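Peer 1: Handing you this structure, nothing more for now.
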Amino acid sequence: MHVLVTGGAGFIGSNFVHLLLNETDYEVTTLDALTYAGSIENLDGTLDADRHEFVEGDIRDVDLVSDLVSDAEVVVNFAAESHVDRSIDGAEPFVSTNVQGTQVLLDAALNADVDRFIQISTDEVYGEIAEGTFSEDDRLNPRNPYSATKAGADLLARSYQTTHGLPVTVTRSSNNFGPRQHPEKLIPKFLTNAAQGESLPVYGDGTNVREWIYVEDNCRALLTVVEEGKAGEVYNVGSGIEKQNIEVTKAIIQAVGASEDLIEFVEDRAGHDQRYALDTTKIEALGWEPQWSFEEGLDATVEYYLG
Ligand code: NAD
């Protein structure tokens, strides 16, 4: 089987490429524009593999995408602008890559008659939830420009299933952490700041809750979806590990052996969702379950960033 992985030089995509090459016999093509968020170093150890080709390019490039998709049986679309704060500063690249780029990929997949199109969506498309968990049938209620564009892509992909019969599957995962994440994101940023004795800027009062999944667990869930998931379905991918941002911050401080005096509460993010949480019954029925505890994942992440 030949899998086209877009955004495969980014955080989750690169971990997925490593997993595919280490644990399957699939051929893999990675397409990535190497924006500020992507890094070829994330693919170290894969670039010489016979089964892997890396292509630097943009998912909005119709000719390039048509060419690459025509060689693939499965497309997994990770490529996106992914940082909420940047989407608040300016939404244009988010609309362009996340929505229009997905449309280019979907059209190419339709023309090439691929076996499966997997759209990587996010728990943020549901918006916030005070209690309980979101299931896949809950309505989408994105509340920031990033999640609104991800919801647009999610709905567009599903519309290609219902309108054109394209075999689309969508995954919506919770917050990932682990190796190869860009240092602007919370856990790598706080780890490196804490190690250097720099302040840790916590939004608002730090009580916002996120569900943290170790990236390898999410990648294994995605492989399960490639192999066992059904076309036309949406699968939530979460760990059940809920933590307030201040708890994560204190765990990082403890792991690094730094002082809690480094914590600095700063003005809250505009439209900051209070809590996300997912019901994962549906993907667990495919035989997947998370393996990593938060503590094990954090230890592995500390080891990656700080050696
Ligand atoms: P990331 O920012 O680390 O990686 C995104 C990759 O996409 C980068 O390598 C970048 O170079 C590439 N890219 C951006 N625009 C492109 C374009 N126009 N053409 C080709 N490549 C382009 O993001 P991530 O954290 O790895 O997230 C991957 C996917 O998973 C995204 O779709 C994101 O919305 C989704 N997601 C992420 C999380 C999380 O916690 N990180 C949670 C749920 C869902």
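Peer 1: Can you give me the Rg/Rh ratio for region 133-225, using Cα atoms for both radii and the Kirkwood formula for Rh? The partial results should precede the final answer.
Peer 2: Numbers: Rg = 16.9 Å, Rh = 16.1 Å.
On the Cα set of region 133-225, Rg over Rh gives 1.05.
Peer 1: So with the 1.4 Å probe, I'd like the accessible area per residue for region 185-247, rounded to whole Å².
Peer 2: Values: 2100 Å² over 63 residues.
Here the per-residue accessible area is 33 Å².
Peer 1: Find the relative contact order for region 51-135 and round it to a whole percent, using C-alpha pairs within less than 8 Å whose residues are 6+ positions apart.
Peer 2: On the way: 74 pairs, mean separation 33.9, N = 85.
Contact order relative to length: 40 percent.
Peer 1: When the C-alpha atoms of region 212-307 are aligned to their principal axes, what extent does each axis show, in angstrom, from largest down?
Peer 2: Here the spans come out as 49, 35, 17 Å, largest first.
Peer 1: Can you give the Rg/Rh ratio of region 1-130, where Rg is from the C-alpha atoms and Rh is the Kirkwood radius? Could the numbers behind the result be given before it?
Peer 2: On the way: Rg = 14.6 Å, Rh = 15.0 Å.
Taking Rh as the inverse mean 1/r over Cα pairs, Rg/Rh reads 0.97.
Peer 1: Could you work out the per residue convex hull volume over the alpha carbons of region 60-185, in cubic angstrom?
Peer 2: On the way: hull volume 15.4 nm³, N = 126.
Expressed per residue, the convex hull around the Cα atoms of region 60-185 is 122 Å³.
Peer 1: Starting at the first residue of region 153-166, write each ³J(HN,Hα) from the Karplus equation 6.51 cos²θ - 1.76 cosθ + 1.60 with θ = phi - 60°, in whole Hz, x for Gly and Pro.
Peer 2: 5, 4, 5, 4, 4, 5, 5, 5, 5, 6, 7, 10, x, 5
Peer 1: Here's something else I'd like to know. Find, among the chymotrypsin sites (Phe, Trp or Tyr not before Pro) in region 6-100, those assigned to loop by DSSP (not H, G, I, E, B) with at most 13 other beta-carbon atoms within 10 angstrom. All intermediate terms of the calculation are to be shown ahead of the outcome.
Peer 2: Working: sites: 11, 16, 26, 36, 54, 78, 94; in loops: 26, 36, 78.
Passing both the DSSP loop test and the Cβ count: 36.
Peer 1: Moving to a separate point now. Trypsin sites (Lys or Arg not before Pro), restricted to region 222-307: which are DSSP loop and have at most 16 other Cβ atoms within 10 Å?
Peer 2: Values: sites: 230, 243, 250, 269, 275, 282; in loops: 230, 269.
Loop-located and lightly packed - 230, 269.
Peer 1: Also, quick follow-up: In percent, how large is the relative contact order of the chain, given Cα pairs closer than 8 Å and 6 or more residues apart?
Peer 2: Details: 629 pairs, mean separation 56.3, N = 307.
Answer for the chain is 18 percent.
Peer 1: Given H placed 1.01 Å from N in the peptide plane, which residues other than close sequence neighbours of residue 203 have an amide H under 5 Å from its amide H?
Peer 2: Here the answer is 266, since their amide H atoms fall under 5 Å of that of residue 203.
Peer 1: If you build a Gaussian network model of the chain, linking Cα atoms that sit under 10 Å apart, which residue out of 157, 72, 270 swings the most?
Peer 2: Its mean-square fluctuation being the largest, the pick is 270.
Peer 1: Still on this structure, please answer the following. Kirkwood Rh over alpha-carbon pairs of the chain, then Stokes-Einstein at 10 °C and 1.306 mPa s: what D in µm² s⁻¹, rounded to an integer?
Peer 2: Details: Rh = 19.5 Å.
The diffusion coefficient I find is 81 µm²/s.
Peer 1: For region 52-125, divide the Cα radius of gyration by the Kirkwood radius and give the resulting Rg/Rh value with two decimals. Mind dumping the intermediate values first?
Peer 2: Values: Rg = 13.0 Å, Rh = 13.1 Å.
Radius of gyration over Kirkwood radius for region 52-125 works out to 0.99.
Peer 1: Given the chain, what count of lysine pairs have C-alpha atoms under 22 Å apart, with each pair 8 or more places apart or on different chains? Walk me through the numbers on the way to the answer.
Peer 2: Numbers: 150/185; 150/230; 150/282; 185/243; 185/250; 189/243; 189/250; 230/282.
Step by step, the pairs that qualify in the chain add up to 8.
Peer 1: Which three numbers, in whole Å and largest first, are the semi-axes of the equivalent ellipsoid of region 183-234 derived from its Cα gyration tensor as √(5λ)? Numbers along the way, then the final one.
Peer 2: Working: eigenvalues 229, 42, 10 Å².
That gives 34, 14, 7 Å for the three semi-axes.
Peer 1: Ignoring the sites themselves, what is the longest stretch of the chain with no GluC sites (Glu not before Pro) in a DSSP loop and at most 14 other beta-carbon atoms within 10 Å? If you can, show how the numbers build up before the last one.
Peer 2: Numbers: sites that count: 131, 184, 198, 267.
That gives 1-130 as the longest site-free run.
The values are calculated or read from the model by the stated rules, or taken from the named source; none is laboratory data. The model shown is predicted, which means the values in this text are computed figures rather than measured ones. Note that we place each Cβ from the backbone using ideal geometry, even for glycine, and neighbour counts take in every protein chain shown. Ligands, DNA and RNA are stripped out before the accessible areas are found, and what is left, the full protein with its side chains, is counted by its heavy atoms. Shrake-Rupley method; radii C 1.70, N 1.55, O 1.52, S 1.80 Å.
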